[in-house]
Amino acid sequence: MKKSLLMVGVAAAAVLTLAAAPALTQGKTIKIGFISTFSGPVAVIGNDMRNSFELGLDHLGRKMAGLPVEVIYEDDGFKPETGLQKTQKLIESDKVDFIVGYIWSNVLLASLKPAVDSKTFLITTNAGPSQLAGELCSPYVFSTSWQNDQTPQAMGLYMNQKGVKSVFLIGPNYAAGKDMLAGVASTFKGQVLGQELTVWPSQLDFSAELSKAKAAKPDAIFVFYPGAAGVQFLTQYAQAGLKGQIPLYTAFTIDELSLPRQKDLALGVPGAQEWVNDLPNPTNKKYVADYKAKYKSFYGAQTYDAAALINSAVVAVKGDTSKKEEMRKEMEKADFKSVRGDFKYGNNHMPIQSFYLQDVVKDAEGNFVLKTVATIVKNDQDRFHGKCPMK
């Protein structure tokens with residue numbers, strides 16, 4: 001009799017457990033906070049990131065593990081202090097499961113602590129400051145983009161291949177600008193004849209910097225200016241008579257957002273990138289075709305990947321986002337279809353990935369487009385991962 005009662009008790013407990021499992025997620029939504037710049041002259045970048053994330057959710061049926069997804073968009077106003085405030089709001093008031101976005105490295109660095117302290121997963125889809133890859137790495141922070149130094153490091157390698165013996169570096173005076181110029185210098189084997197860091201984001205007159213570069217007589221100039229500043233720099237570079245005289249190499253200065261305004265000014269100016277719109281994999285082809293049909297630009301490819309990364313974690317825990325350790329382990333696998341093809345995570349949650357040479361060409365309709373020319377480096381790991389305490 002006691003054995004029978006025991007079996008009945010075990011059976012009843014099993015039934016209760018099964019009944020409780022769906023109850024854990026019943027009525028739940030997957031809440032995602034998204035922080036970027038949606039106002040001012042650089043809003044075009046933030047809007048492109050948002051559009052790409054929305055497209056990623058559309059391709060997922062706007063559900064993860066069968067649960068609806070709620071996204072709360074916040075504008076950082078291009079200011080670190082505002083980014084911090086919005087990050088705190090998403091964590092404390094909105095109680096989001098994930099935070100996504102961040103264009104600017106200084107905004108991300110200011111916003112990092114509350115996310116890490118609260119153990120809220122943060123996925124940066126653009127900013128990649130060196131500190132985040134090194135001493136400030138965290139189990140709760142992932143990147144679907146790059147570490148800032150990696151793209152210019154690839155360009156430094158390419159300049160070596162081209163036999164460039166000397167270079168003059170120009171970029172903005174903030175975290176990413178410093179990382180970019182340091183990245184070039186770390187792989188370039190020639191002589192760095194000079195370096196100019198300009199006031200960011202207010203300075204759009206580069207005549208003094210271009211004069212200094214011209215006077216130094218380098219074999220080449222390397223420049224990093226995203227957004228409107230990149231358009232202004234290329235315009236003034238040509239006006240100064242340097243186009244065709246001193247070759248220009250770039251990172252993030254020419255992209256699908258700035259190219260329609262740069263047009264022929266961008267011809268003959270090579271850049272490096274971890275993603276170009278013509279990469280021949282099925283996920284990328286679908287992303288590009290659907291994005292082009294709806295929005296006409298491509299800046300947010302790595303933000304599109306963020307939706308798939310989050311989905312892989314949510315599916316792994318069947319929607320129970322309280323299982324943070326299980327979600328972390330799943331995201332570390334990078335087990336999703338990326339627009340850039342295969343990549344994997346290093347110990348610091350930065351992608352180990354390939355970087356490509358891109359050039360500007362005219363298509364059959366006379367439009368200026370970016371084209372993949374070559375692979376500069378395969379499976380590149382950032383140079384700060386050894387400083388990350390995670391192993």
Overall Cα dimensions of the range 160-239, principal axis frame, Å, largest first
33, 28, 17
Counting GluC sites (Glu not before Pro) as exposed when in a DSSP loop with at most 15 other beta carbons within 10 Å, what is the longest stretch of the chain free of them?
136-364
If amide H atoms are modeled at 1.01 Å from N in the peptide plane, then the residues at a separation of 5 or more from F252, or on another chain, having amide H under 5 Å from its own are A272
HN-Hα J in Hz across the range 59-70 - Karplus 6.51, -1.76, 1.60, θ = phi - 60°, x for Gly and Pro:
5, 8, x, 6, 9, 10, 6, x, 9, x, 10, 10
Once you put a point 7 Å from the Cα of V192 and another 7 Å from the Cα of K292, both along the Cβ direction, what distance in nm separates them?
3.8 nm
Starting from 0 in steps of 20 Å, tell me what percent of the Cα-Cα pairs of the chain lands in each bin.
28, 54, 14, 4, 1
Using a Förster radius of 51 Å, what is the FRET efficiency between R261 and S322 based on their Cβ-Cβ separation? Nearest 0.05, please.
0.65
Is the range 36-147 rounded, prolate or oblate when judged by the Cα gyration tensor, a ≥ b ≥ c being the square roots of its eigenvalues, rounded requiring a/c under 1.5 and prolate requiring a/b larger than b/c?
rounded
Restricted to the chain, the DSSP antiparallel beta bridge percent, nearest 5, is 30 percent
Give me a comma-separated list of calculated 3J(HN,Hα) values for the range 191-203, in order, Karplus coefficients 6.51, -1.76, 1.60 applied at θ = phi - 60°, integers in Hz, x for any Gly or Pro.
9, 8, 7, x, 8, 10, 10, 9, 5, 10, x, 6, 7
Which whole-angstrom value gives the distance between the alpha carbon centres of the range 355-389 and the range 85-139?
26 Å
Take T375 and M390, extend 7 Å from each Cα along the Cα→Cβ direction, and tell me the distance between the two endpoints in nm.
2.6 nm
Where in the range 158-175 is the amide nitrogen less than 11 Å from a point lying 7 Å along the Cα-to-Cβ axis of A216?
166-171
Hull-based mean projected area of the range 215-366, where the convex hull spans the alpha carbons, in square nanometres
11.8 nm²
Distant-in-sequence amide H partners of K344 (H built 1.01 Å from N, under 5 Å)
I352
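Any read-out appearing in this document is the output of simple, stated calculations on the displayed coordinates, not a laboratory observation. Source: prediction; values computed, not measured. Methodologically, a virtual Cβ is constructed for each residue, glycine included, from the backbone with ideal geometry; neighbour enumeration extends over all protein chains shown.
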